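S.K.: So that we are looking at the same thing, I have put the structure below in structure tokens.
The values are calculated or read from the model by the stated rules, or taken from the named source; none is laboratory data. No experiment lies behind these values; they were computed from the predicted model shown. Every residue, glycine among them, receives a Cβ derived from its backbone with ideal geometry; neighbour counts consider all protein chains shown.
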């Protein structure tokens, strides 16, 4: 990525993250799991359980509604970080983030927004200044307090200019969990997935519009196919039954 584009993307994302915290929670706090309620207050939140480690979630715009999909098959830390990432996309798509004619890298901006909003700099500074143990344990401490992935915490500390052991920068999430056990830290539920599926609110609205004949069965099936494949199939079957029963002479 072009360095100038990266810097501009991060500068804009950081400004909006700071503003978001000030406007919505009064300043710097660890949002943790509350990030999902923040999303749910602004959009339909759809919980999927997708057995794909590379899939974290998505931001969709259907039927004039904003929908945020979250993969609950990811560990809770990763899930909350992904939610914050999608919050950037939601705000941008809804017009809350206005950048005029500026061209930015949306994914880099979303990642940096998530880091700043979930790991505020002054909170990290206070912890760092008062924590007397080694860098490794510092990462564990911040990750547990903030409910954030170990890699995200490490990257954020490096971004803020803190000098940490260089080998920590390349450590994968699974390696952090292994080290956690090796140094006898208590296990964390944040390292595990809480897999479930929930998408009732959006499906209920689609159903209501179908019943009021404000949506065709074909449109309804296309709307929900990426959220609930079984429900989409039901709409298609119902549509086919109507076609099969139709008598052009009636």
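S.K.: Counting just the residues of the range 38-49 that are part of a helix (DSSP H, G or I) and in contact with a strand residue (DSSP E or B) (Cβ under 9 Å, 6 or more places away or on another chain), which one comes out surrounded by the fewest Cβ atoms within 10 Å (Cβ to Cβ)? Talk me through it step by step, then tell me what you get.
M.R.: First pass over the range 38-49, keeping only residues part of a helix (DSSP H, G or I): 38-40.
Now narrow it down to the ones that are in contact with a strand residue (DSSP E or B) (Cβ under 9 Å, 6 or more places away or on another chain): 39-40.
On the way: 39: 21, 40: 13.
Taking the candidates together, the pick is 40.
S.K.: When only residues in the range 210-222 that are at pLDDT 85 or above and part of a helix (DSSP H, G or I) count, which is farthest from the chain's Cα centre (by Cα)?
M.R.: The initial filter retains those residues of the range 210-222 that are at pLDDT 85 or above, namely 210-221.
Then drop every residue that is not part of a helix (DSSP H, G or I), which leaves 210-211, 217-221.
Values: 210: 30, 211: 32, 217: 30, 218: 30, 219: 27, 220: 26, 221: 25 Å.
Residue satisfying both the conditions and the ranking: 211.
S.K.: Another question, if that's okay. Quickly run through the range 165-208 and pick out the residues that are within 24 Å of residue 52 (Cα to Cα), assigned to a loop (DSSP other than H, G, I, E, B) and touching a residue at least 24 places away in the same chain (Cβ under 8 Å).
M.R.: Correct list: 188, 192, 194, 195, 196, 197, 199.
S.K.: Which one of 69, 110 is under 16 Å from residue 13 (Cβ atoms), in contact (Cβ under 8 Å) with a residue 12 or more places away in the chain and either assigned to a helix (DSSP H, G or I) or in contact with a strand residue (DSSP E or B) (Cβ under 6 Å, 6 or more places away or on another chain) (or both)?
M.R.: Working: 69 fails: under 16 Å from residue 13 (Cβ atoms).
Just one listed residue meets the conditions, 110.
S.K.: Here's another thing I want to ask about it. Considering 52, 23, which residue is closer than 28 Å to residue 142 by Cα, out of contact with any helix residue (DSSP H, G or I) (no Cβ under 6 Å at 6 or more places or on another chain) and in a helix (DSSP H, G or I)? So that I can check it myself, show each step before the final result.
M.R.: Details: 52 fails: in a helix (DSSP H, G or I).
Testing whether each residue is closer than 28 Å to residue 142 by Cα, out of contact with any helix residue (DSSP H, G or I) (no Cβ under 6 Å at 6 or more places or on another chain) and in a helix (DSSP H, G or I) leaves just 23.
S.K.: Can you confirm whether residue 35 is more than 16 Å from the chain's Cα centre (by Cα), at pLDDT 95 or above and closer than 30 Å to residue 127 by Cα?
M.R.: Working: more than 16 Å from the chain's Cα centre (by Cα): no; at pLDDT 95 or above: yes; closer than 30 Å to residue 127 by Cα: yes.
No, not satisfied.
S.K.: I'd like to know if the range 223-244 contains one or more residues that are farther than 19 Å from residue 66 by Cα, over 28 Å from the mean Cα position of the chain (by Cα) and modelled with pLDDT under 85.
M.R.: Yes, there is a match, as at least one residue in the range 223-244 is farther than 19 Å from residue 66 by Cα, over 28 Å from the mean Cα position of the chain (by Cα) and modelled with pLDDT under 85.
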